Amino acid sequence: MNDATSKPAQHERTVERLVQGIQTSDGAGVRLTRVLTQNLQRRLDPFLMLDAFRNDNPDDYIGGFPDHPHRGFETVTYMLAGRMRHRDSTGHEGLLGPGGAQWMTAGSGLIHSELPEQEQGLMEGFQLWLNLPAANKMLAPSYRDIPSAAIPEFTTGEGVLVRVIAGESHGTAGAVQRPHTEPLLLDVHLPQGSQFVQALNPGHNAFTYTYRGTVDIGDTAVPDHNLAILSNDGGDSVRVLARSDARLLIVAGQPLNEPIVQRGPFVMNTAQQIEQAFSDYQAGVFDAAHIQAL
Ligand code: MN
């Protein structure tokens, strides 16, 4: 029994299950692992997708992601190695490099391309899709480039490097804050034997993705290339112990609890809205000539 006068103990989340995702390709033949697949969209609301790519054979990335549309959500790209150029029909253009991020709010819709700006070498990174609340899905698109130097980071006494892309960690505010979904996105690098504790809002869905080494979360070993869904048991933190030198993403957000209907590059609340997105796309509503004339 809890003693009402004592300080409440920190309640750490455990691992509900591990997910390895599926090997697939997207765009013009880019090989990637779709770690967060559509069947997890409800469980990990407000997150819709996580792709991880790590290719050193140019044949596996050189085609990139030529012109394609989006509507109804946000895309967050985080690069570890390599360079990718972004262009979109709102007139934005940017070069995403190692350690940098790009935060694109597709909102009512745009057409963009994401193309490698290298012909050899490693291309490694992630793309996370974050839903928008129904009320904001048709707001005007927006876009932000966040170069590596603009991502706040700190190092703990144990030598753990924490890069705060979104949200907040140990008093360090991230590069991006978003209303409604309140996303947390950390890139954490742990030396072997070190540990790191991150506060989590007890009402948020949360997961980790290990992309180097193996970590322990509670009693569960989470190996390289595994997404760990964290239990929703009211826990207010997650503790990560590094069995080896390890790197992982820690991701959390406020669920929207709204209907999710995805078809391809469009994520809306109803099938009728999806039909509308396709007919608007075909009618040229997402084209530069249309958007930039508004
Ligand atoms: Mn895209």
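The values are calculated or read from the model by the stated rules, or taken from the named source; none is laboratory data. Keep in mind that what you see is a predicted model, and the values were worked out from it rather than measured. Here Cβ is always computed from backbone atoms with ideal geometry, including for glycine, and neighbour counts include all displayed protein chains. Just so you know, the surface numbers come from the protein's heavy atoms only, side chains and all, with ligands and any DNA or RNA stripped out. Shrake-Rupley method; radii C 1.70, N 1.55, O 1.52, S 1.80 Å.
Each Lys or Arg adds one and each Asp or Glu subtracts one; over the other residues with Cβ under 15 Å from the Cβ of A175, this totals -3. Excluding D224 itself, calculate the net charge of residues whose Cβ lies under 12 Å from the Cβ of D224, where each Lys or Arg counts +1 and each Asp or Glu counts -1. With Lys, Arg at +1 and Asp, Glu at -1, the neighbours total +3. In the chain, the DSSP beta bridges split such that about 95 percent are antiparallel, to the nearest 5. Cα centroids of region 122-146 and region 198-255: how far apart, whole angstrom? Between the Cα centres of region 122-146 and region 198-255 lies a distance of 22 Å. Extents of region 51-132, taken as max minus min of Cα coordinates on every principal axis and listed largest first, are 36, 20, 18 Å. Other residues with beta-carbon under 10 Å from the beta-carbon of P98 carry, at +1 per Lys or Arg and -1 per Asp or Glu, a net charge of 0. Scaled against the 2.2 N^0.38 Å expected of a compact globular protein of N residues, the Cα radius of gyration of the chain reads 1.01. Sorted largest first by accessible area at a 1.4 angstrom probe radius, with every protein chain in place, the residues V285, V188 fall in the order V285, V188. Here the average projected area of the convex hull drawn through the C-alpha atoms of region 145-294 stands at 11.5 nm². Modelled spin-label separation between T155 and N232, with each label point placed 7 Å from Cα along the Cα-to-Cβ direction: 3.9 nm. Loop-located GluC sites (Glu not before Pro) across region 136-210 with a Cβ neighbour count of 13 or fewer within 10 Å are E158, with loop assigned by DSSP. Working from Cα pairs under 8 Å separated by at least six residues, relative contact order for the chain is 21 percent.
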